[in-house]
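The structure under discussion appears below in the form of C-alpha cells.
The values are calculated or read from the model by the stated rules, or taken from the named source; none is laboratory data. What you are looking at is a predicted structure, and each value in this text was computed from that prediction instead of being measured. Here Cβ is always computed from backbone atoms with ideal geometry, including for glycine, and neighbour counts include all displayed protein chains. SASA here: full protein model, heavy atoms, side chains in, ligands and nucleic acids out. Shrake-Rupley method; radii C 1.70, N 1.55, O 1.52, S 1.80 Å.
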Amino acid sequence: MKKVLIVDDDTIVRVTLRSLISWEQFGYEVAADAVHGGQALKILETEPVDLLITDMKMPVLDGLGLIEAVKGLGLHPQILVLSGYDDYKLVREAFRLGALDYILKSDLTAEGMEGILQRIAGQEKKQDRKQGKEHSDLAGRQERAVLTGQKETALVDVAMGRRQVSEYPFPPEYMVVQFEIDDYRKHAARFSGNLEERLIDPFMGLARQIPRVAARCVLGSISPSRYLMLYEVTDRQICRENVVSACRQLANVWRSYMNLPVSAGISSPERDPEAFSDRVEEAGRQLGLRYLKGSEQISVPWNQEEVSWEEVEQAGSRWMKLLQGLWRGDELVMEEEREKLFGCLHKLPFETAVRECLCLICRFAWMMQENQEDFSGLFAEEINYYEKMKRFEDVRELERWMSNYFRWLLDYQENRQDRSQENLMMRAKRFILDNYSNPELTLGSVAGYVGLNEKYFTTRFTKEEGQTFINYLTEVRIRRARELMEQTSLKIYEISQSVGYNNVEHFTRVFKKQCGVSPGSYRSKELTKDQEI
C-alpha cells in the first residue's frame, strides 16, 4: 500500500482530504498529515511517503520550500499541489521543481480527487514507458505533437512548466487568452460526476467547431473552470479587434449551447516563444480585472481608461490595513483607515481618486476570491463600477458613495460570519454521519473540521443539540447497527466493525445500554417479528 502525507495549515482541508475518498481503492493509505512544511519534513525523515499533497501558502515553510527541501533530502515522492485560488505563477514554479499535478481547493470533490489519482497513475505509466528511450530531435517532436492531435494538452503543459517552450511549435506571432467560467461553483453543479466528460470535452468541442478558432487557435483546459487559448496573429494592425471578436464569438457559443457565462483576459501580442509564460500571466492578470465590470467581460491591456493590474496591486499595498479591516468586519480599524483614505482622495485629481477607489474594490474582490467567496453575490444586481463612477461629479459624491459601499461590505461580512456560525453544527453533524464508521472519529477531529477548539465545540454542541457529542455519535452508530441487523445477514462482529467499533465486546455493552437487549437478542426478536408477519 502506497503512503500519503497531507500538508496544509487548514484543518478542514486536511480532514476533508482524509475522508473525501476511499484511498485504499486506489492503493493508498494516509500515513500522516502536517500543518506546515517544517512539520512535514520531520515526518519524512522517519517515514518516507509515495504521494505528498501540499498547500502552496503555509507558515514556517511554504509549499515551494517544502518541495525543494524534499528534493534536497534525496526523496522522490509524487507531488500533488493544492492551491487556494488560481495562482499559476506559484503552480508553474511547483511544476519546475517536480510537482506532478495540481488541484484547486474550490475543485476539491471526490470525483476531482479520484480523477487526479487516475491521472497520476497514467503519468507514472507514461514515465515508465519513456525510461530508456532516446528522444528524437525537436522537429520530430513537434511533428508528432501535431499528427497525434495533442497540441491542446501540450500547450497547457508548456504553460504550467511541465514541458519546455522549445517543445511546442509556436507561430511567428501570437497572443494568449485566459477564459474563466463566471460563478463556476454554481454552474458546476449541473455537470456533477465526470467533469472531463460532461463539462470540459463539450466546452472545448464547441470551440473547435468555430472555423476561425479551429484555423488559428489552440484551446486547452487548465482546470474545469479555467481555459487557455493561443491565438495566432496574422495581421498585426487588426489583431486586437480580431482576437476580441473571436473571444466574443466563443463566449456567445458557450452561453447559447451550454448556458455558461464566460469572461476572458487577453495578453499583448508577442513574437518571442520564451516570453510565453509572461503572456500567460498577463492574460491571467487581465482576467482578474473583470470584477469591476461584471460577468461575461473581456479585459485587454491596451485600454488605458481602465485600471491595470499593477495599479490594483499598488493601491492594495497602500490600503491593506483598510482591506483587512473590511474582511474581518473590524469597525474600529475601518473608521480610522476610512478617514485616512478620504483625506487622501480630497488631495488627488478627481479622475485619480476614482481610479484609486476602483483599485480598492478590485483588490477586495481578489481577497474574496482567495477565500473562496463569491464577489458577484454581494449585490442582487451586477454592478459595472466604471459606469457607476462616471455618474459622480466630484470627490464629495465619490466619498459618500464609498462610505455607503464600505458600510454594505461590513454588514455583508457580519452576516456571512453569522451564517457561517449557524451552519457549524449542521456541518459537524453531516461530517459525523459521513464518518461514523471510522473508529478513529473523535471529538477533536470533528471540532477541527468545523474550525473550533474542542472545549468550545463540545459546550456549543451540547447546548444546541440537547445531548453530548459522544451520545449523538453513539446514537448514530447504534441506529445504523439496528438497520444492518434488520436488513442484512452480517455477523455481529462484522456489524460492529461497520459502525465504528473494533471491539465487539464494547459494541455489545453499548448496544445493550441503548436498546435494553444484546445485539443477538435484538436480531432474534426482529426475526421472530418477520416470521409472524
(request) Quick one: what are the phi-derived ³J(HN,Hα) couplings along segment 28-40, Karplus 6.51/-1.76/1.60 with θ = phi - 60°, whole Hz, x for glycine and proline? (result) 10, 9, 6, 7, 6, 9, 9, 8, 7, x, x, 5, 5
(request) Treating the angle as unsigned and between 0 and 90°, give the value, to the nearest 10°, between the Cα long axis of helix 395-435 and the longest Cα principal axis of the chain. (result) 30 degrees
(request) Please say if segment 350-438 is rounded, prolate or oblate, where rounded means a/c under 1.5 for a ≥ b ≥ c the square roots of the C-alpha gyration tensor eigenvalues, and otherwise the choice is prolate for a/b larger than b/c and oblate otherwise? (result) prolate
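Could you calculate the FRET efficiency of residue 252 with residue 491 from 1/(1 + (r/R0)^6), where r is the beta carbon distance between them and R0 is 60 Å, rounded to 0.05?
In this case the efficiency is close to 0.45.
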(message) For the chain, take the longest principal axis of its alpha carbons; what is the angle in degrees between that and the long axis of helix 239-258, to the nearest 10 within 0 to 90?
(response) 30 degrees
(message) Under a crude label model (7 Å from the Cα following the beta-carbon direction), how far is residue 303 from residue 479 in nanometres?
(response) 5.4 nm
(request) Would you mind working out the magnitude of the charge dipole of the chain relative to its Cα centre, with +1 at each Lys and Arg C-beta and -1 at each Asp and Glu C-beta, to the nearest 20 Debye? (result) 1240 debye
(request) Using volume of the Cα convex hull per residue in Å³ as the read-out, say which of (i) 346; (ii) 210; (iii) 233 was calculated from these coordinates. (result) (ii)
(message) Sort 76, 36 by heavy-atom solvent-accessible area, probe 1.4 angstrom, most to least.
(response) 76, 36
(message) Between helix 11-20 and the chain, what is the angle of the helix's C-alpha long axis to the longest principal axis, kept within 0 to 90° and rounded to the nearest 10?
(response) 70 degrees
(message) Rounded, prolate or oblate for segment 246-341? Axes are the square roots of the Cα gyration tensor eigenvalues, ordered a ≥ b ≥ c, and the cut-off for rounded is a/c under 1.5.
(response) oblate
(message) Can you compute 3J(HN,Hα) from phi for each residue in segment 501-514, using the Karplus curve 6.51 cos²θ - 1.76 cosθ + 1.60 with θ = phi - 60°, rounded to whole Hz and x for Gly and Pro?
(response) 10, 6, 9, 5, 5, 5, 4, 4, 5, 5, 4, 5, 5, 7
(request) For segment 429-496, calculate the relative contact order in percent as a whole number, restricting contacts to Cα pairs under 8 Å that are 6 or more residues apart. (result) 24 percent
(request) Averaging sequence separations of C-alpha pairs under 8 Å and six or more residues apart, then dividing by the length of the chain, give the relative contact order as a whole percent. (result) 10 percent
(message) Placing unit charges on C-beta atoms (Lys and Arg positive, Asp and Glu negative, everything else neutral), compute the dipole magnitude of segment 247-395 about its Cα centre in debye, rounded to 20.
(response) 280 debye
(message) Can you say what percent of the DSSP beta bridges in the chain, counting only those with both residues inside, are antiparallel? Round to 5.
(response) 45 percent
(message) So if each residue of separation counts as 0.36 nm, and I subtract the Cα-Cα distance between residue 2 and residue 317, what length gain in nm does that give?
(response) 109.0 nm
(message) Just to confirm a number: summing +1 for Lys and Arg and -1 for Asp and Glu over residues other than residue 96 whose beta-carbon lies under 12 angstrom from that of residue 96, what do you get?
(response) +3
(request) Would you work out which of 41, 298, 261 lies farthest towards the positive end of the dipole of the chain, given +1 charges on the beta-carbon of Lys and Arg and -1 on that of Asp and Glu, about the Cα centre? (result) 41
(request) For every other residue with a beta carbon closer than 9 angstrom to the beta carbon of residue 246, add +1 if it is Lys or Arg and -1 if Asp or Glu, then tell me the sum. (result) +3
(message) Need the list of aspartates and glutamates near residue 463 for cross-linking: C-alpha distance under 12 angstrom, and skip anything on the same chain fewer than eight residues off.
(response) none
(message) On a 1.4 Å probe surface of the protein chains, which of 46, 459 comes out largest in accessible area, and what is the full order?
(response) 46, 459
(request) Work out, in µm²/s and without decimals, the Stokes-Einstein translational diffusion coefficient of segment 430-533 at 4 °C, 1.567 mPa s, Rh from Kirkwood over C-alpha pairs. (result) 88 µm²/s
(request) Average the reciprocal distances over every distinct pair of alpha-carbons in segment 308-366, invert the result, and give the Kirkwood radius in Å. (result) 11.5 Å
